[in-house]
Amino acid sequence: MPRKVIALVAAGIAVVTAGVVVWLWWAGTAGLSGKDLVTARLDALRTGLSIGIGGGGVFALYLAWRRQHATEVGLVQKERDQEDVARAYQLQQEVAEHNRVHAERVAEATEKDAADRRVTELYTKASEQLGSDKAPVRLAGIFALERLAQDNVEHRQTIVSLLCAYLRMPYLPPGDAKDSEHRERVQEREVRLTAQHVLATHLRPEAGAACWGEALKLNLNGATLLAADFARCHFGETTFDQAVFVDEADFTGTTFAERASFARTVFQERVFFRNAVFHKASFRSCKFEGVADFSDATFRKVAVERRRVYPGDTFSGAVFHYAAHFPNVTFGNGVDFSYVKAHYSIQFDGALFEDLTTFEDVSGEVECEGHYRALGPTRYQADHQVFASSWPDHWVVGPDGVITHRAE
């Protein structure tokens, strides 16, 4: 309350008090004298002062109430102001955090764009090197692609596909040294061996962090592969259809985690699939011009939707120009050796046959001593027809699954 108002109220109370005292003094003592007059005048003075003091007290209480109310309002407002400050500070922090996150995202996007551009530039340059007419430049391109794939997981499949495409390019191995293209073919041989080595090295689990994983797909249809060494590799879905393996090929201890197809492939020299593991394999119409060694290999039993007569692994129509060895091999999903041609013997000592198996129209000697067939189904019905396992004429399958030779 303004001081002027307080002064006016105080003055008013004083005037009222004085007026009451004066009125009581004169009006209340009229006609009195002596002791009664003195007593009346003291009562008038006392009454007037009481009224003045009471009015002043009431006004003082009113002022105290206003002061207390103003203090409480101030405290409430202060609390609200503090809350507003806290909300403003929190909002400021949220805005700052949002700006920080946005800045980080922008920085990450910028960095990713720069990295993608750098990878694209390196990939383009390496691809151009791979297409060079100079062998050293092509070698440099292969090593650049290898380093790029090692550092960028998301680009590995693309780079593997590019290397496979390079190996699918037409190629004639070196022949007569007097040939005008002999030098170029020798150099190209080294380039191809390097590409094969890069693939094999990074498909072996023993490579540790350098292993690119078995989820990669390899398409080597029609490729010319030289002295192929894929021992202990782990392949994903792999296709070698109509490929030509020049020199000896080694798949010892290799795992084919998904379908592997070698249909109409030509192995010009020996090939080793010792201890290999297959998940659905096809060697249909494959030509083995050297010894084929499948010792201790495993053709795993895989759940297959049975729509065909022989849904398992197949060697149908394969040609073995030299001996073929299948000792201790497990055919878990059934196997088709129909129309196989063997110029020498095919040996199955200790092999294990499961599910449907057929040796229909096999030409050549098929040997087996003391090996066993699992007691799986030997008959299968599909499309209202019944199919049964068929064995070479001189094999005898006992009720216990033991297969023995029958005397000629």
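Condition check ((1) among the β-branched types (Val, Ile, Thr); (2) surrounded by fewer than 19 Cβ atoms within 10 Å (Cβ to Cβ); (3) out of contact with any His (no Cβ under 8 Å at 6 or more places or on another chain); (4) under 30 Å from Asn152 (Cβ atoms)) across all residues:
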| residue | (1), (2), (3), (4) |
| --- | --- |
| Ala215 | no, yes, yes, yes |
| Glu237 | no, yes, yes, yes |
| Glu248 | no, yes, yes, no |
| Glu258 | no, yes, no, yes |
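Per the conditions (1) under 16 Å from Ala135 (Cα atoms); (2) in contact with a Ser or Thr (Cβ under 9 Å, 6 or more places away or on another chain); (3) surrounded by 16 or more Cβ atoms within 10 Å (Cβ to Cβ), the sole criterion not satisfied by Pro170 is (3).
Taking the conditions (1) polar (S, T, N, Q); (2) at pLDDT 90 or above; (3) more than 60 Å from the chain's Cα centre (by Cα) in turn, Asn99 satisfies each one other than (3). I'd like the full set of residues that are over 19 Å from Asp116 (Cα atoms) and surrounded by 15 or more Cβ atoms within 10 Å (Cβ to Cβ), limited to region 155-167. The answer is Leu163, Cys164, Tyr166, Leu167.
If you check Val160 against the conditions, is it outside the structural domain of Gly253 (by TED's automatic domain parsing), in contact (Cβ under 8 Å) with a residue 24 or more places away in the chain, among the β-branched types (Val, Ile, Thr) and closer than 25 Å to Thr238 by Cβ?
Details: outside the structural domain of Gly253 (by TED's automatic domain parsing): yes; in contact (Cβ under 8 Å) with a residue 24 or more places away in the chain: yes; among the β-branched types (Val, Ile, Thr): yes; closer than 25 Å to Thr238 by Cβ: yes.
Taking the combined requirement at face value, the residue satisfies it.
Taking region 309-346 as the range and being polar (S, T, N, Q) and surrounded by fewer than 23 Cβ atoms within 10 Å (Cβ to Cβ) as the test, the residues that pass are Ser316, Asn328, Thr330, Ser338, Ser345.
Is it the case that region 189-199 has a residue that's within 22 Å of the chain's Cα centre (by Cα) and either free of Cβ contacts under 8 Å to residues at least 24 places away in the same chain or in a helix (DSSP H, G or I) (or both)? Don't jump to the end; show me each part of the working.
Here is the first cut: in region 189-199, the ones within 22 Å of the chain's Cα centre (by Cα) are 199.
Filter once more, so that each one left must be either free of Cβ contacts under 8 Å to residues at least 24 places away in the same chain or in a helix (DSSP H, G or I) (or both): 199.
Yes, some residue in region 189-199 is within 22 Å of the chain's Cα centre (by Cα) and either free of Cβ contacts under 8 Å to residues at least 24 places away in the same chain or in a helix (DSSP H, G or I) (or both).
The residue list Glu214, Glu269, Glu206 contains one member that is in a loop (DSSP other than H, G, I, E, B), of a type in the set (Asp, Glu) and either farther than 23 Å from Lys341 by Cα or at pLDDT below 95 (or both), which is Glu214.
The values are calculated or read from the model by the stated rules, or taken from the named source; none is laboratory data. As the structure is a prediction and not an experimental result, all values here were calculated from the model. Here Cβ is always computed from backbone atoms with ideal geometry, including for glycine, and neighbour counts include all displayed protein chains.
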